[in-house]
1. Taking residue A:114 as the residue in question, decide whether it is modelled with pLDDT under 85, over 29 Å from residue A:525 (Cα atoms), touching an Asp or Glu at 6+ places or on another chain (Cβ under 9 Å) and open to solvent by 30 Å² or more (accessible area, probe 1.4 Å).
2. So residue A:659 passes all but one of these: (1) open to solvent by 10 Å² or more (accessible area, probe 1.4 Å); (2) closer than 23 Å to residue A:227 by Cα; (3) out of contact with any Ser or Thr (no Cβ under 6 Å at 6 or more places or on another chain). Which condition number does it fail?
3. Considering only residues of region A:505-520 that are under 18 Å from the mean Cα position of the chain (by Cα) and open to solvent by less than 10 Å² (accessible area, probe 1.4 Å), which is nearest to residue B:421 (Cα to Cα)?
4. Have a look at A:674, A:656, A:684 and point out the one that is more than 14 Å from every other protein chain (Cβ to nearest Cβ) and out of contact with any Cys (no Cβ under 7 Å at 6 or more places or on another chain).
5. Within region A:498-511, is even one residue polar (S, T, N, Q) and either over 20 Å from residue B:543 (Cα atoms) or away from every other protein chain (no Cβ under 14 Å) (or both)?
6. Return the total of residues in region B:271-289 being aromatic (Phe, Trp, Tyr) and open to solvent by 10 Å² or more (accessible area, probe 1.4 Å).
7. Could you please let me know if residue B:530 is open to solvent by 10 Å² or more (accessible area, probe 1.4 Å), modelled with pLDDT of 95 or more and away from every other protein chain (no Cβ under 14 Å)?
8. Name, by its number, the condition in (1) open to solvent by 10 Å² or more (accessible area, probe 1.4 Å); (2) in contact with a Phe, Trp or Tyr (Cβ under 7 Å, 6 or more places away or on another chain) that does not hold for residue B:143.
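The values are calculated or read from the model by the stated rules, or taken from the named source; none is laboratory data. All figures in this text were calculated on a predicted structure; none of them were measured in a lab. Because the Cβ atoms are built from the backbone with ideal geometry, glycine has one as well, and the counts that use them run over all protein chains shown. For the accessible areas, the whole protein counts, side chains as well, though only heavy atoms, and no ligand, DNA or RNA atoms are used. Shrake-Rupley method; radii C 1.70, N 1.55, O 1.52, S 1.80 Å.
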Amino acid sequence: MSVQMPGARERKAISLFQRDIVWRALLDSFKKLDPRVQIHNPVMFVVEIGSVITTVTWLIQAFGGRPLGGGSEPAWYTFVIALWLWLTVVFANMAEAFAEGRGRAQAETLRTMRKETVATMRDGSTKAASELTRGDIVIVPAGELIPGDGTVIEGIATVDESAITGESAPVIRESGGDRSAVTGGTRVTSDRIEIEITQEPGKSFLDRMIALVEGAERRKTPNEIALNILLAALTLIFMIVVATLRPFGLFAGTPISETTLIALLVALIPTTIGALLSAIGIAGMDRLVRRNVLALSGRAVEASGDIDVLLLDKTGTITIGNRLASEFVPMPGVPESELAEVAQLSSLADETPEGRSIVVLAKQYGIREHDMSTLHADFVPFTAQTRMSGVDVDGRRLRKGAGDAIIELVSREGGTPPPELQAQLVRIGNEGGTPLAVSRDSQVLGVIYLKDTIKEGMSVRFDQLRAMGIKTVMVTGDNRLTAAKIAAESGVDDFLPEATPEAKLALIREQQEDGRLVAMTGDGTNDAPALAQADVGVAMNTGTQAAREAGNMVDLDSNPTKLIEIVEVGKQLLITRGALTTFSIANDVAKYFAILPAVFVTTWATTPGGKSPLHVLNVMGLGSPRSAIVSAIIFNALVIPLLIPLSLRGVRYRPIGASALLRRNLLIYGLGGIIAPFIGIKLIDLIVHNVLGA
Amino acid sequence: MTLAGWLTIVLFAVILTAIAIPLGGYMAKVYTGERVFLTPILEGPERFLHRVLRVDPRREQDWKSYAKSLIIFSLAGWLLLYLILRTQDAFFVPHALNPRGFASAPWNVTFNTVSSFTTNTNWQYYNGETTMSYLSQMIGLTVQNWLSAGVGIVVAVALIRGIVGRTGKSLGNFWQDLVRTILYVLAPLSVLTAIVLVSQGVIANFSNYLAVHTVTGLTQSIAMGPVASQEAIKMLGTNGGGFFNTNSAHPFENPTAFTNFFEMLMVLAIPAALVFTYGRMTGNRRQGYAIYGTMMIMFLGAAVVAYIAEAHGSPAQHAAGLHTHVISGSTGGNLEGKEQRFGIAGSALFDVVTTVTSCGAVNSAIESFTGIGGAVPFANLSASEVIFGGVGTGLYSILLYVLLAVFIGGLMVGRTPEWLGKKLEAREIKLAGLGILITPLAALLATALATASHAGRESISKAATGPQGFSESFYAYLSQANNNGSAFAGYTGFIQPSAGNVGSHGITFADLLGGFVMLFARFAPILFALAVAGALVGKRVTPAGLGTMRTDNPTFAVLLIGVIVLVGALTFFPALLLGPIVQGLTSHLY
């Protein structure tokens, strides 16, 4: 599934093959040969030790000595094995280096923004930006960089945040409310604001972001640790298998050289997944960054694959932010066009989206737009007390507003609201809409039906989530009736009506008590407790500093539907690990069939100097024993770079249900993993044996 | 191959399932403390035993406490058995219980035997009828047959409780579980089995050995003894230690084709039933069905291969132009080392039944099997006794494999792997991985020591040359590491010139190495299994959804088979190549 959100922009993937990335990665691949680096990866550490031993053996042979552990292997054979073992380690390092290289390139761009700026304090003194600490108050005029993360405490300004979000249109930041947070490194483009710094020196959002994309703060996630333990256990088993093969061979009159045993060991231990494991983790983080999401820990990315319940705010996520006029309902005896005209006139000065939508709807009734200046109209703005707005034209009072407010007004004017009005108000309310009554002097003309408009494609998306095993819960401040209506229409699984921050928090806790993992998005300060409680809390970048600190991810696009993509990235991460582990282990079957008949080529031959009965197991028909072993080792090494693109891209996730997905991946990576090396080793053998004459 | 042969195999699978389902349900009730139809009769003895043992059955034990009780109990059993066997001719032993006046076997052989019986292995370097007194057989070996079986079962029960438990740390109470296992499960089944066996001609007496004059005018000594009671628990407890040296080929242990069929059923009854117990205790019987299906498919696979291979005959037979097809009065095939009354199918199936479980009883000579037929028991042992397996051991071992399969499969569906709702993390993977690793590690290292050293090669039979010598050694330690006890005969640790142990001596190397391998490969996995239970119990349970990998459907069964086969094959393939496989590929006789 590819859930491309409307409006979600993907940062351009930095190509793997940019020149500087390649050079840096190649260099790093060799730098990482340092055993102090390798020891963190038990599988590759074993390979490196094997490389050292075979290299020493070759050197001994090159100077005319006998190979370690006896045997009659020629020096060139030892050399070729040693070479490919080193390459195996280098390829593994390369995978990690490429993954890091991509992140580093992104970090470079960010770092250019962390230029040393001088902050102007409220008292007029100046201070270096890097010395700002929590509680400092700075003043930033138009055209200057904001010196650090903070909250606007005074003023309103437009801020260009393109440096971190990639979005070129400036955004408004103002004191109070949910749009008060500013990020260091962004630029004020108009007005001037006072900012209270909320970060400690060196721990700004930008610093964290750089560290994250660079992988500098990367720690192994719990699942990665568990998998590493499994790989170490497999490595241990194979070490015993190979170590005992030597006495077994001697019993059968077949001494096996150290070099061949090491080659067998390296072929058997799960080098493929061992080499790619950390690259997979780094790439997962990188995929989120490209979707403009910053995960503050690898753990959060993993948890996002496990999400069981998704809390979605109704407004802005399921419905487009505002209610729109969808119908004029005239009272008996009132022509519809008359209602439409009055509704339009009363809304001309109403700049709210609702007001504008009334004008748009009226157009469909053939009502021309009036020229405001020729009307001699007095506009009556909406107030919380009157709960209506309108216009006085030619002495007539046109009003629209809440049903009861209009009824009161009309009654005061001496009119009688028709009984039909009450019926319509109730009906629209029940249907989840908002009714606005329209009056002219003492006469009620009708009702405007304002409707919540559900975003396109939501029900498809909820179906997909359901197929992923994720339950969606709509959170709204609406009453139960309205909420139920919208929930039914959008296809969301459940809803929480009349939601308060406390109710949200309680819902999350309740789900977690039942063992479910909960994800949510939020932007307001009052969302902060729920964001902190949720297993995956995605804070909108437009949100308050409190929200951004409470969540464990920040969405720079501030797109609440981004959660679905985040879940996908989390799942991909785990699938890629599982698939490559399966592939890696399944590969061993073919390697046995390549190496063992080669090792036991004359073992227990029934005629002196004849072939072993085991020669029939050379099912691939490999050219010679040495070519067989060398080919298996070359395959084992080459498969790592070949799988680097897959591990960086991730195995595709399809919401087809767990069992179908398991069958599919077992078939591709399990069965495929058994078959592929038979073909690969044979092809390499054709070259090694026939072309190189080994 | 005959229709009767195939029917034997099919009928066996059907009847086994029909027995295992209700027995599994019954055992689930026993271990969850529900009343069963035997409760009115047995609750008195149960209370009495608790009083004697001075235990409070209501005291809940966490995994460490459970393990501690288990180790203390097994250690005490070990010491007691050692004492009994080493004093079998002491002055206080009544003559009636040692009518032949047998001296004790040497210390090293006794060490091996004691370790063997307390670990449910029943590997025997000794011949029952020339080594053991009736007393040793009855209160020594038979008692351990009961207790070691009980220990295996309670570990499986404790692991299930760990997997299922949602609160606290308790895995139940070791003593209560053990007492219940013996009273409610083993005792009633043993009584039934013994009665059936006696009715078919299995002996049960304390007579001195009979001296019989044969038609050729010679005198033959016929061994007697209290066989039926030991035979019953030998099968039910997947022990496998024969009263007589020839084990289940002996007519007093296994007189007819019917007892052969019946004994096979009794071997698998409890291991198969426990799988259904697991399903019941998890609250989703399909969990049990998936594992049962996994086991049954692998079991039938082994049985079919063994049957076809033995019915087809050996390459040597074909090379010599001998008849191997069915002719009147003969079942055809490779009859070397087989009893006519069991035939090819009855021997091949018995071999599979006793090597997939930790029973290790034999009714035919495994070393006389064809190359491929002989590779089947090797393969069964290489799968680490998880195809039904020993009583309890089979279930707890396969559950560790299930854990690994869930981990790998769970990743592939894109969630942190969950098993019955519990998230699998580093600790569980570490413990399960180590638990699975022990048996192969012990088997391979011991075989390496035995084949590389002169002391080890002493044990190989003089007749064995080439790969046969390797096969014998490898099988010996593979069998002991798996606590199986069957032998690719020939490999010995006991030199006994005449009956009664006078002048006999053990081969210390083989006796001690085997003994330590059995103890290590029995108790280390038990501790890991209990530790896994301890790590899982009380973990928060996530309700299953569409995105959760299911562990109760055929897809999972396939994955599980794949993991078991792959781990077994990758671990043992090189060693198998040098033994049975090379022998199977050549018509040369070794």
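1. no
2. (3)
3. Applying the filter and picking the extreme gives A:518.
4. Every option except A:684 fails the conditions.
5. Taking every residue of region A:498-511 in turn, at least one turns out to be polar (S, T, N, Q) and either over 20 Å from residue B:543 (Cα atoms) or away from every other protein chain (no Cβ under 14 Å) (or both).
6. Within region B:271-289, residues that are aromatic (Phe, Trp, Tyr) and open to solvent by 10 Å² or more (accessible area, probe 1.4 Å) number 2.
7. Spelling it out, it is not the case that residue B:530 is open to solvent by 10 Å² or more (accessible area, probe 1.4 Å), modelled with pLDDT of 95 or more and away from every other protein chain (no Cβ under 14 Å).
8. (2)
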